[in-house]
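K.L.:
Before I ask anything, here is the structure I am working with.
The values are calculated or read from the model by the stated rules, or taken from the named source; none is laboratory data. What you see is a predicted model; the values in this text were computed from it and never measured. Don't worry about glycine lacking a Cβ; one is built from the backbone with ideal geometry, like all the others, and counts go over all protein chains shown. SASA here: full protein model, heavy atoms, side chains in, ligands and nucleic acids out. Shrake-Rupley method; radii C 1.70, N 1.55, O 1.52, S 1.80 Å.
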Amino acid sequence: MADMDMDINLSFKQGKRVNWMEKEGWNGFKIRSELELQEYAETVVIRSLDHPPQGFSISRSDGTFHKFNNLETTASASKVYPVFGVAGSIRLLAGTYLLLITSRKEVGSYLGYPVFRVTSIKFLPCYQALNTLSNHQRKDEAYFQTLLRIVEDTPGLYYSYQTDITLNLQRRYKMADGWMTKPIWKQADPRFVWNRNILEDLIENKVDEFIVPLLQGSFQMGQLKLNNLTSTITLISRRCTRRLGTRMWRRGANLEGDTANFIETEQLLEYDRFKSSFLQVRGSIPLLWEQIVDLSYKPRLSIIEHEDTPMVVKRHFHDLMQRYGNTIAVDLTDKHGNEGQLSFAFATEMEKLPDVRYVPFDFHQRCGGSNFDSLKLLYDEIADDFEKQGFFLQTTDGELLEEQKGIIRSNCIDCLDRTNVTQSYLARISLEQQLQRICALTSSEYICSFTDDEDLEIFRNLWVNQGDEISLEYSGTNALKGDIVRYGKQTISGLIKDGISALSRYYLNNFQDGIRQDAIDLISGNYTVSGNSPSPFQLNKFESRTLFPVASALLIGGLTVTSITLNRAATGQNAQSVISSVICVGATAGMMALVKANGRQICSRPRLCGLL
């Protein structure tokens, strides 16, 4: 995929104004949206429904691609059904699988172009060679197929047929003339193309009009009334693919400085004759650290000692400054316990980077007891730099008025809950500054006092919904502290929802995320399937899914017998009952200690790559 990185860098031109919103005479590249899939005995055909039909076929015998124009065939297809885009292909042991968008939903528009959310994707086996596989390979193939079914349930995938949605407004402004005439996969920022690893065969075979680059993240739109004019707010979060994974199995950074759960969030305002954009980013603490699940509710954080740690931190922030400008690192972690040790290590490394401002803010301590107005203390601390960083602003005819000169990089431990509350707070302040800049508000007016309750609720819900979506992608549950964003305070119903989500995270982290991480590693290319690859069952000798039910049965059985004997002892039947109770309690306690001691083996673990 080096071509993708090269192409976007070559097309970037500082200061070049592009009137990309001019619709009349628009000659940009467009992906074919209405397709038909035809299955034949020898081939699988993807063809457009326009005239003359164009498309490509895949041979069932060897998996080769063949592009065609105006295909004519006398054979009748065994199956014909509509599809809405081709998202990639992957080769496993038994052959090629094509990833197809089988249903979609229009969720809004980005700068005038329709945006769709994927509601269903399916892998179609284009050719099978199971009869040539050994028994071990068949077992491996069955596991890989299980991973593909997990990929089919990937949440938060978005795309557009007419424009790229991975580039923020400011970067789009600086693109070279004619960039929209290139295939959309070439327009895209490769960091945010979820399926970029599985596009290689399609790109190589030059079927550009059928290639759909997918963004994983969140896309939310809402409309507010300001001065009797309707303004549109679009909130789009772009999840980076460089260290993609689940909550516990992708922590910290790799040696290249890429961090887990790195997300660029753009808040786009369209009002009257103006368009403005405000960017923030989030990402895991850029150190080498891990938090291995072991049945504990909160597994211990472990910092990995490595001689390249200073370089990892430097690479991460160098990349941010190159892309976004001046950077402020806002660290929302606790300053005591395990989190405190990690935060202290982060602060120590940040002292070596004089060009980056590091701002520690103990969210739980400062905002404890629902005292979330304390976030103003954080803003007061960074206000001067925040205002200097500014936002991007232009008129609808392309005239540049302001540029965003830097970025706030926020993190907590997961970069989900505390981070989302903080980012929504800063986004509201920036929105007020943008409206004041274009004279929609006076310098003494604020969103809270200027808009009615319904408009304010719309704005808050955008941030709540995007927080939930990002959290689902990383942790498997909705975000915690969502009612703080929505209402500005913790509520009883919010506490109950947070408790349910916390328990769900515990279960998923311990018993589901290992296989989910394998699915992510397979689709993102961290693990490549070939006949020479070691079996995933050889990479991981033990079967956690077998150990878990055995351990559960032992504990439940022990607890049941213990409760029965304790009940008998309580009724005072005889001394033998008391002795039996003591023995059962001891045996059950011993089993619990044994299960806890082997928690890492019992929990679901990735087979393909483990920790990266």
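K.L.:
Any idea what % of Cα-Cα pairs in the range 412-501 are farther than 18 Å? Write down the numbers at each step before the final one.
P.N.:
On the way: 1910 of 4005 pairs.
Considering the range 412-501, 48 percent of its Cα-Cα pairs are separated by more than 18 Å.
K.L.:
Work out Dmax and Rg for the range 145-271 from the C-alpha atoms and quote the Rg first, both in angstrom.
P.N.:
In order Rg, Dmax, the Cα atoms of the range 145-271 give 16.8, 55 Å.
K.L.:
In terms of Cα to Cα distance under 12 Å, which aspartates and glutamates are near enough to residue 182, apart from those fewer than 8 places away along the same chain?
P.N.:
Once the sequence-local aspartates and glutamates are set aside, what remains near residue 182 is 7, 164, 208, 209.
K.L.:
Given a 1.4 Å probe, how much area per residue of the range 83-203 is accessible, in Å²? Numbers along the way, then the final one.
P.N.:
Values: 3820 Å² over 121 residues.
For the range 83-203, the solvent-accessible area averages 32 Å² per residue.
K.L.:
Run the accessible area of the range 132-186 with a 1.4 Å probe and give the carbon-and-sulfur part as a rounded percent. Provide the component values of the computation, followed by the final result.
P.N.:
Values: 930 of 1960 Å².
Of all accessible area on the range 132-186, carbon and sulfur atoms account for 48 percent.
K.L.:
If packing is taken as the mean number of other Cβ atoms within 10 Å per residue, what is the order of 161-168, 393-400, 138-145, highest first?
P.N.:
161-168, 138-145, 393-400
K.L.:
Would you mind checking the pairs 186/275; 298/481; 30/67; 314/376 and listing those with alpha carbons more than 20 angstrom apart? All intermediate terms of the calculation are to be shown ahead of the outcome.
P.N.:
Numbers: 186/275 25 Å; 298/481 18 Å; 30/67 18 Å; 314/376 30 Å.
Where the Cα-Cα span goes over 20 Å, the pairs concerned are 186/275; 314/376.
K.L.:
Which of the lysines could a cross-linker span from residue 139 if the Cα-Cα distance has to be under 20 Å and same-chain partners fewer than 8 positions apart are dropped?
P.N.:
Reachable lysines: 541.
K.L.:
How many angstrom separate the Cα center of the range 391-448 from the Cα center of the range 137-201?
P.N.:
27
K.L.:
Kindly work out what percent of the DSSP beta bridges joining two residues of the range 244-374 are antiparallel, to the nearest 5.
P.N.:
Details: 12 of 16 bridges.
If I count the DSSP bridges inside the range 244-374, around 75 percent turn out antiparallel.
K.L.:
What pairs in 225/489; 206/405; 79/105; 105/206 have C-alpha atoms more than 30 Å from each other?
P.N.:
Working: 225/489 25 Å; 206/405 38 Å; 79/105 24 Å; 105/206 27 Å.
Over 30 Å apart, Cα to Cα: 206/405.
K.L.:
Another question, if that's okay. Any idea of the accessible area per residue across the range 277-378, 1.4 Å probe, to the nearest Å²? Could the numbers behind the result be given before it?
P.N.:
Values: 4660 Å² over 102 residues.
With all protein chains present, the range 277-378 gives 46 Å² per residue.
K.L.:
Then there is this: Report, ordered by chain and residue number, the aspartates and glutamates lying within cross-link reach of residue 388, taken as a straight Cα distance under 12 Å and ignoring same-chain residues fewer than 8 apart.
P.N.:
Hits, sequence-local ones excluded: 402, 403.
K.L.:
Something else now. Could you give the accessible area per residue of the range 448-540, probe 1.4 Å, as a whole number in Å²?
P.N.:
Numbers: 4020 Å² over 93 residues.
Heavy-atom SASA per residue in the range 448-540 reads 43 Å².
K.L.:
Further, regarding this structure: On the accessible surface of the range 204-350, probed at 1.4 Å, how many percent belong to carbon and sulfur atoms? Walk me through the intermediate numbers first.
P.N.:
Numbers: 2360 of 5080 Å².
Solvent-exposed carbon and sulfur of the range 204-350 make up 47 percent of the total.
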